[in-house]
Number of protein chains: 2
Amino acid sequence: MSLRKKNRLSIEEYKAGVLSGDRIALSRAITLVESTLDEDNELGARLIDELFQYTGNSFRVGITGVPGVGKSTFIESFGSHILDEGKKLAVLTIDPSSQKTGGSILGDKTRMEKLSQSKNAFIRPSPSGDALGGVAQKTRESMLLCEAAGFDVIFVETVGVGQSETAVKNMVDFFLLLMLSGAGDELQGIKKGIMEMADAIAINKADGNNIEAAKKAKKEYQNALHLFPANENGWIPKVGICSALENSGLSDIWDLLKEFQAQQKESGYFDHNRKEQSIHWMHQTIHHYLKRNFYKSPEIKENLLKFEDAVRQGDKHSVQAARLLLENYFNKLS
Amino acid sequence: MSLRKKNRLSIEEYKAGVLSGDRIALSRAITLVESTLDEDNELGARLIDELFQYTGNSFRVGITGVPGVGKSTFIESFGSHILDEGKKLAVLTIDPSSQKTGGSILGDKTRMEKLSQSKNAFIRPSPSGDALGGVAQKTRESMLLCEAAGFDVIFVETVGVGQSETAVKNMVDFFLLLMLSGAGDELQGIKKGIMEMADAIAINKADGNNIEAAKKAKKEYQNALHLFPANENGWIPKVGICSALENSGLSDIWDLLKEFQAQQKESGYFDHNRKEQSIHWMHQTIHHYLKRNFYKSPEIKENLLKFEDAVRQGDKHSVQAARLLLENYFNKLS
């Protein structure tokens, strides 16, 4: 039976498909873990259990930058460079803005044409997440599935204007921020605090008349990064310049990532960071399901908006409203 | 019966005491809401219910800065300036570091001698919170109690190196960051992302040989602040210089706060912000109690460390561990 036809596979089919690197099976496995149906959740969790021993072998890279910074072109060119080294690359996107239209699949495939045609690349757009940290949760699990499918490098792409960057920082080994050269106002639109998370800044569109400005920006960002405290892993954030359009500077940036990886593995911080991230995920998963269970329960669904209104109008205060809702919830549970 | 003697007051005694502005009653009411005993929690919640209509009339100001920036001296001098205008001032401190020693009461009273002797000032050190956002939760409720007791201005002080600043930002009207002049490395030690939350930066210790450096730092910070996106409330963060020691520049900074307050009330953003903060608090309170209930349950207490170890060792993966713990928890609940 074709993997394309059947609605849901057996756990063995999913597992064998993912492990063989079959991109359709991988895609469907991700759909499974992204599902909000309890039944799918159950199966998805079991699948992750089964595949867990095959995960962890990729280099996880977060990439962020505001719209207009040339993120797609960068990922397309940078990704191709990585493919040329014989590596397999998966690109996962967290784009809160695309959740509304639901149309990001076509968009992503179109904007990364070259990658999407390569057998060694896998592109996956945003899941349609809820407001409860669900997107990050799903992305973590998708990342594990990609690892089990044998991908060596995983990009987790975000837009850099949302809430997702801290979550991404907590699930990747390396955090790359894309910026533009310009008149000092290039931070406009970047969410406050994101620059400080970066392990490296890549100044994109350093081509034509922009080259001098990019060099100047590089210096400025290097100075700015010095203002921030040193990272506990001993890595000093670097600034590179590149042109994704002209394919220049990309290998320097890739070298920089590899330098980071080598240094961090040498110092033991790479593993240390992964372990701490795992504990963090465990607690995040717990918090996620505690909230999900609460907000999905019929009593809460029925009353939440009413209570929010009452709080906004000053009829109830926050703690009072919270306690009443909680009382309701726990009473129904027991 | 003296308020000092009795172990626990009746709700009417607490209420009357707080509303009369009695600082001992206020202090004990705060102890009540800070308590981790379920019985106290119940009473504390009822007290807040009773007092809620008397809250909301203060100007809530978050003040943060690393140790060494002269925070105590600043609050002492700045606070005295505010008292001189006939206002009543409460200072609440969130200092995670002091939770370990438990000895912050004496410390706080000593380091703000002048304020602590004034009838119109009230100083309250950190509650001993848990790791679950409890400190912020308690501080919010303490703030409401201080408002009911008639305090016009409330400082919420944090150390600027912890996790508390975002929480504080979400409970105050104005966020003031204390900095030092220096050679560009003055951000050392400030938690990443804090500068971007500031409605104003006050460069302290601008006295003696430091004045020129402070003026230079002012310019640098003003430039740095321009790199960040505009606030949705239309306020452009300001930089001031002062010497708490020499009592200079403090009235300019106070004027700046009053300018902010006037502008924001005029634009309606002051109220808008308060309402949104209330909704935020409601959800935070819900999340807090969901987690608290989970981590306090006997099944979880018994097994958590074991599961964390298993995750660290790679014997279980994060999601698996989380789900097993949750299953356990919900089974025992129902």
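For the condition open to solvent by less than 30 Å² (accessible area, probe 1.4 Å) and under 30 Å from B:Asp309 (Cα atoms), A:Gln264 qualifies. With the requirement that a residue be in a loop (DSSP other than H, G, I, E, B) and without any contact (Cβ under 8 Å) to a residue 24 or more places away in the chain, what does the stretch A:21-44 give you? Listed by number, the residues that qualify are A:Ser35, A:Leu37.
Among the residues of the stretch B:61-83, those identified as open to solvent by less than 20 Å² (accessible area, probe 1.4 Å) and of a type outside the set (Val, Ile, Thr) are B:Gly62, B:Gly65, B:Gly70, B:Phe74, B:Ser77, B:Phe78, B:Gly79, B:Ser80.
Which of the residues spanning the stretch A:259-299 are of a type in the set (Ser, Thr, Tyr) and outside any helix (DSSP H, G or I)? A:Ser297 - this is the single residue of the stretch A:259-299 that is of a type in the set (Ser, Thr, Tyr) and outside any helix (DSSP H, G or I).
When we screen A:Asn273, A:Asn247, A:Asn231 for residues that are touching a His at 6+ places or on another chain (Cβ under 9 Å) and of a type outside the set (Phe, Trp, Tyr), the only hit is A:Asn247. Scanning the stretch B:299-325 for residues that are touching a residue at least 24 places away in the same chain (Cβ under 8 Å) and either within 7 Å of chain A (Cβ to nearest Cβ) or open to solvent by 70 Å² or more (accessible area, probe 1.4 Å) (or both) yields a count of 1.
Quick grid of which residues meet (1) within 21 Å of B:Asn170 (Cα to Cα); (2) open to solvent by less than 10 Å² (accessible area, probe 1.4 Å); (3) not assigned by the TED database to the domain that holds B:Val153:
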{"position": "B:Ile24", "(1), (2), (3)": "no, no, yes"}
{"position": "B:Ser27", "(1), (2), (3)": "no, no, yes"}
{"position": "B:Ile30", "(1), (2), (3)": "yes, yes, yes"}
{"position": "B:Gly44", "(1), (2), (3)": "no, yes, yes"}
{"position": "B:Leu47", "(1), (2), (3)": "no, yes, yes"}
{"position": "B:Glu85", "(1), (2), (3)": "no, no, no"}
{"position": "B:Ala90", "(1), (2), (3)": "yes, yes, no"}
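Go through the stretch A:211-230 and report how many residues are of a type in the set (Ser, Thr, Tyr) and away from chain B (no Cβ under 12 Å). Here the count works out to 0. When you check A:Leu290 against the structure, is it within 14 Å of another protein chain (Cβ to nearest Cβ), open to solvent by less than 40 Å² (accessible area, probe 1.4 Å) and modelled with pLDDT of 90 or more, yes or no? Here the answer is yes, as A:Leu290 does meet what is asked. Considering the conditions (1) more than 9 Å from every other protein chain (Cβ to nearest Cβ); (2) basic (Lys, Arg); (3) under 30 Å from B:His288 (Cα atoms), A:Lys258 is excluded by exactly one of them, (3). Scoring A:Tyr329 on the criteria (1) more than 30 Å from B:Met282 (Cβ to Cβ); (2) open to solvent by less than 70 Å² (accessible area, probe 1.4 Å); (3) facing another protein chain (nearest Cβ under 10 Å) leaves a single failure, condition (1).
Within the stretch B:219-226, is there a residue that is modelled with pLDDT under 80 and either among the aromatic types (Phe, Trp, Tyr) or in contact with a strand residue (DSSP E or B) (Cβ under 8 Å, 6 or more places away or on another chain) (or both)? Taking every residue of the stretch B:219-226 in turn, at least one turns out to be modelled with pLDDT under 80 and either among the aromatic types (Phe, Trp, Tyr) or in contact with a strand residue (DSSP E or B) (Cβ under 8 Å, 6 or more places away or on another chain) (or both).
From the list B:Ala198, B:Ala213, B:Ala202, the lone residue that is in contact with a Ser or Thr (Cβ under 9 Å, 6 or more places away or on another chain), buried (at least 22 other Cβ atoms within 10 Å of the Cβ), at pLDDT 85 or above and not β-branched (Val, Ile, Thr) is B:Ala198.
Counting the residues of the stretch A:284-298 that are under 19 Å from B:Tyr295 (Cα atoms) and free of Cβ contacts under 8 Å to residues at least 60 places away in the same chain gives 5. Among the residues of the stretch A:268-276, at least one is surrounded by 13 or more Cβ atoms within 10 Å (Cβ to Cβ) and within 8 Å of chain B (Cβ to nearest Cβ). On the basis of being open to solvent by less than 40 Å² (accessible area, probe 1.4 Å), not aliphatic (A, V, I, L, M) and not assigned by the TED database to the domain that holds B:Ile194, does B:Trp281 make the cut? Judged against the criteria, B:Trp281 is a match. When every residue of the stretch A:231-242 is checked against the conditions, none turns out to be surrounded by 14 or more Cβ atoms within 10 Å (Cβ to Cβ), of a type in the set (Lys, Arg), more than 14 Å from chain B (Cβ to nearest Cβ) and part of a helix (DSSP H, G or I).
The values are calculated or read from the model by the stated rules, or taken from the named source; none is laboratory data. Predicted model only: the values in this text are computed from it and were never measured. Cβ sites come from the backbone with ideal geometry, for glycine too, and all protein chains shown count toward neighbours. We work out accessible area using only protein heavy atoms, side chains counted, and drop any ligands, DNA or RNA first. Shrake-Rupley method; radii C 1.70, N 1.55, O 1.52, S 1.80 Å.
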